[in-house]
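For reference, the structure is listed below as structure tokens.
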Amino acid sequence: MATRLDGRQLAAEIEARLSRTIAERLERVGRAPGLAVLRVGDDPASGVYVANKEKACARVGIASHGAHLAAATPAAEVLATIRRLNADPAVDGILLQLPLPAGLDEGPLLEAIDPEKDADGLHTLNLGRLLKGEPGPRSCTPAGVMALLARHGIALAGCRAVVVGRSILVGKPMALMLQAADATVSVAHSRTRELAALTRQADLLVVAAGRPEMVGAEHVRPGAVVVDVGIHRRPEGGLCGDVRAAEVEPLASALSPVPGGVGPMTVTMLLVNTVVAWCRRHGLDHDLTDLVV
Ligand SMILES: Nc1nc2c(c(=O)[nH]1)N[C@@H](CN(C=O)c1ccc(C(=O)N[C@@H](CCC(=O)O)C(=O)O)cc1)CN2
């Protein structure tokens, strides 16, 4: 029976601590932290995720400065919006919700975000800081996975970890964070041969392939920890991840559910990045690590 890596529960605990931290510091700073979630287009899943982010902001006392632009918005206008948010003194964190509509290149737009307001940790400078082990905002989903693993006391030093997926949003920063925690990390991807032979060696399997229910019992060593980063809407309704949970649950020592696992932690780590930026900008202690573990 696998331990449930419950992201909803941990997210709620961290949110409660964040809310207290904001309330304690509000008078000194004079204003609430501000987060701008910039959405372009009408991707339905993005609508759910942005709504969840804005509701979470309201729960903890972060002011939302979101903007929703039409799918046909020219890149120059998106850029102008980012520059306006960069200059807005009420905004501590900026996030450009991905994916963008076809025809918009995310690269230059992500690079236009002030690195000090990069609540997603996706700016080149902040990815470089992660690579070099320097402080800076970390990408929300892998940071949420690390918090879940820490909360459940999953030892990473010397752990054989396999990350399935190499996206800039999850797989690549995930591998770097696990390596920084002294795990031995392999990264599998669409060109990996004999995937199951590799994943069955893993003590920790993080699946961020973006392919519904791709990973099953044949991929998992009994006793392994399995983290399912995927989230997909089934045609018949309901959600599933990249892992066939019913098959894997009896084998794994721990498993993150979908929904209710990594997703809520993605949102919560965005709030953490925003509050850290707010504290930094106002010369307050901004090592909030104890909030997360
Ligand atoms: N700029 C970014 N864009 C996107 C990111 C990101 O980190 N930065 N991540 C992904 C997914 N994502 C964030 O936006 C995200 C995924 C899932 C959830 C979430 O709340 N999941 C719930 C279920 C929600 C539902 O009902 O569908 C759960 O898993 O329990 C929040 C955010 C995309 N783009």
- Message: How tilted is helix 262-281 with respect to the longest principal axis of the chain? Cα atoms for both, answer in degrees (0 to 90, nearest 10).
- Response: 40 degrees
- Task: Could you tell me the accessible area of Thr289 in Å² (1.4 Å probe, neighbours in place), rounded to the nearest ten?
- Result: 90 Å²
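Quick check on region 47-176: what are the equivalent-ellipsoid semi-axes from the Cα gyration tensor, as sqrt(5λ), descending, whole Å?
28, 17, 15
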- Query: Just the accessible area for Lys55, please: 1.4 Å probe, Å², rounded to the nearest 10?
  - Reply: 110 Å²
- Three semi-axes of the equivalent ellipsoid, the chain, Cα gyration tensor, whole Å, largest first: 31, 22, 18
- Task: With an 8 Å cut-off on Cα pairs and a minimum separation of 6 or more residues, tell me the relative contact order of the chain in percent.
- Result: 22 percent
- Task: Quick one: compute the contact order of region 167-278, relative version, from alpha carbon pairs under 8 angstrom and 6+ residues apart, as a percent.
- Result: 20 percent
- Item | In degrees, nearest ten, helix 44-60 long axis to first principal axis of the chain (Cα) | 70 degrees
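Test of understanding: given the chain, find the longest segment containing no GluC sites (Glu not before Pro) that are in a DSSP loop and have at most 16 other Cβ atoms within 10 Å.
1-193
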- Taking Cα atoms, the helix 140-151 axis meets the longest principal axis of the chain at an angle in degrees (rounded to 10) of 60 degrees
- Which aspartates and glutamates have a Cα less than 16 Å from the Cα of Lys132, not counting those fewer than 8 places away in the same chain? Asp182
- Of every hundred units of 1.4 Å-probe accessible area on the chain, the number belonging to carbon and sulfur atoms, as a percent, is 55 percent
- Query: Ranked from highest to lowest mean number of other Cβ atoms within 10 Å per residue, what is the order of the peptides 253-265, 143-155?
  - Reply: 253-265, 143-155
- Message: Straight-line reach from Lys55: which lysines fall under 24 Å, measuring Cα to Cα and dropping same-chain residues less than 8 apart?
- Response: Lys117
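The values are calculated or read from the model by the stated rules, or taken from the named source; none is laboratory data. Keep in mind that this is a model prediction, so the values were computed, not measured. Cβ atoms come from the backbone with ideal geometry, glycine included; neighbour counts cover every protein chain shown. Just the protein is used for accessible areas: all its heavy atoms, side chains included, with ligands, DNA and RNA removed. Shrake-Rupley method; radii C 1.70, N 1.55, O 1.52, S 1.80 Å.
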